[in-house]
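The values are calculated or read from the model by the stated rules, or taken from the named source; none is laboratory data. Everything numeric in this text was worked out from a predicted model, so none of it was measured. Cβ placement follows ideal geometry from the backbone for every residue including glycine, while neighbour counts extend to all protein chains displayed.
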């Protein structure tokens, strides 16, 4: 699958036996990205048969324990298991001061190339880009500086309509030009329009991650039209005051963001450990936005 | 049960899905003691239905990640769940510099009374004592300063032989004196020997914890005659060279220590993740010491 999200942890601050603290494993065009890394993430990776050495990029939203306490153990295990490939970590200011002293205390740091990029609070920019994907950060509103992340496939190349192409006298040497959207003249000087011999490429998909945050419509501009939106829903509607006090969201508030951002599908997570039954979050969200799921550890969502 | 050891993690440096990194929960005369705290220990406590707020004392053997990376999350969860009772942590020099900065980064430290005692390298002394138990540390031999721990019940009080006592003319007011080992005169001036009206109390038990360490007969003097010995057995005999290089032990070496220390029962743990089947450790140890078990997460051993 080109683009998938595996839920490694779906609980809020306090883990439960079957709900670890926050982490997600995203595969996008063969790029392997971990988002947040709560305690026990390396064990969850094994449980769900994902290779920890395949992780190339780690995105950290903020410096609360339930999002970062698995990071030292994960990086340390990568080292112990002989990693040689590089690892990039993008996170808030302070992530180096959290991680590096621990790695020094418990061992000798790491021998592989560890590239830590500290993001400015309230920033919105492309933080990673290659020929296939882009990753942007954008500000969430929580008790401490917190980043949301948007992972997008780059536009897919147009596809050749072979039968139409074969009717022209154009040399195969020009196929790439046509795919790139250029018109070509054939050997007789007849113009061949690229639209006539190619079709649009597969639609590019996008995934937005919003945890932790209070209800803030400001984020809509950053996540408009995403195919899949993960938004925290720590509380139910009757705890809306508590959500507001602690800079978290309710299921209904998350659904309202999804609706207004014109999202195709909504995932809810970071559910407070006080709730044993997650059905009520789904029921409350569905009043506002139909295509919603409350995530569980081990769930895989394909875009 | 007066004295029990629950295994929370039985793996070595790298956790496996069903074998967490090292931690044990010891209940001794209603004192609740956690030994070591690998990543995910707070989740293991929940899994095995032990209350994290019941922990009164934490003993940390050394500052390798697989023995301490669960500590920040555990202490943080105690705080989040409203702990008010005190917590004492005994560990190597440097344990404060590991724990306290993390608690500051991920939150506001703790509001309950957190008492951290840093132990001198190579020391052997009673580090905790009350009217029921003592806890001592003693030096193990590993790549960094590492402490073993010995938990002992204090001698149990003598028990009254009611029928014998009733035959004497001694007032019930003197029962405590007799139990404490004093002879008493009855109202007629006849001496009543405490041995005649009381019997010895229940035998006091002891538990020794030795992880991580290379084979070192020096520890035998500290753990002589313990009822239950936990000794690491990271490797099998064919990896004896690797054990020696990394300052770990083989199952046979652990069994030799148990035999020479006149231990009643031996538990083996800290098994390297390279072994899927633990039977071979038991077979090799049994060649030297019969009463041996390889521990699994969730095992409970009663003394």
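Things to note:
- Options B:96, B:104, B:77, B:88; residue that is assigned to a helix (DSSP H, G or I) and in contact with a strand residue (DSSP E or B) (Cβ under 7 Å, 6 or more places away or on another chain): B:96
- From the list A:95, A:135, A:144, the one residue that fits, being over 18 Å from the mean Cα position of the chain (by Cα), buried (at least 19 other Cβ atoms within 10 Å of the Cβ) and within 30 Å of residue A:220 (Cβ to Cβ), is A:95.
- Qualifying residue in region B:22-32 (condition: more than 14 Å from the chain's Cα centre (by Cα) and either within 18 Å of residue B:148 (Cα to Cα) or modelled with pLDDT of 95 or more (or both)): no
- Enumeration of residues in region A:101-112 that are within 11 Å of chain B (Cβ to nearest Cβ) and either under 27 Å from the mean Cα position of the chain (by Cα) or exposed (fewer than 15 other Cβ atoms within 10 Å of the Cβ) (or both): A:102, A:103, A:104, A:108
- Checking B:164, B:153 one by one, the residue that is over 26 Å from residue B:250 (Cβ atoms), over 37 Å from the mean Cα position of the chain (by Cα) and surrounded by 11 or more Cβ atoms within 10 Å (Cβ to Cβ) is B:164 and no other.
- Test: residue B:121 is assigned to a loop (DSSP other than H, G, I, E, B) and within 26 Å of residue B:303 (Cβ to Cβ): no
- Condition met for residue A:157 (assigned to a loop (DSSP other than H, G, I, E, B) and at negative phi): yes
- Residues within region B:257-294 that are under 16 Å from residue B:223 (Cα atoms) and in a strand (DSSP E or B), tallied: 4
- Given (1) over 19 Å from residue A:12 (Cα atoms); (2) in contact with a helix residue (DSSP H, G or I) (Cβ under 6 Å, 6 or more places away or on another chain), index of the condition residue A:287 fails: (2)
- Residue within region B:120-137 that is closer than 30 Å to residue B:244 by Cα, within 14 Å of chain A (Cβ to nearest Cβ) and in contact with a strand residue (DSSP E or B) (Cβ under 7 Å, 6 or more places away or on another chain) present: no
- Residues within region A:18-52 that are more than 9 Å from chain B (Cβ to nearest Cβ), touching a strand residue (DSSP E or B) at 6+ places or on another chain (Cβ under 8 Å) and in a loop (DSSP other than H, G, I, E, B), tallied: 6
- Some residue of region B:53-62 being within 14 Å of chain A (Cβ to nearest Cβ) and either assigned to a strand (DSSP E or B) or within 23 Å of residue B:278 (Cβ to Cβ) (or both): yes
- Top-ranked residue in region A:219-237 [being under 17 Å from residue A:138 (Cα atoms), part of a helix (DSSP H, G or I) and touching a residue at least 40 places away in the same chain (Cβ under 8 Å); ranked as nearest to the chain's Cα centre (by Cα)]: A:223
- Count of residues meeting criterion [more than 9 Å from chain A (Cβ to nearest Cβ), surrounded by fewer than 24 Cβ atoms within 10 Å (Cβ to Cβ) and either over 18 Å from residue B:108 (Cα atoms) or within 15 Å of the chain's Cα centre (by Cα) (or both)] in region B:63-92: 4
- Exactly one residue among B:181, B:189, B:201 is surrounded by fewer than 17 Cβ atoms within 10 Å (Cβ to Cβ), in contact with a strand residue (DSSP E or B) (Cβ under 7 Å, 6 or more places away or on another chain) and assigned to a loop (DSSP other than H, G, I, E, B), and that residue is B:201.
- In the set A:240, A:254, only one residue is modelled with pLDDT of 95 or more, assigned to a helix (DSSP H, G or I) and surrounded by fewer than 19 Cβ atoms within 10 Å (Cβ to Cβ); that residue is A:240.
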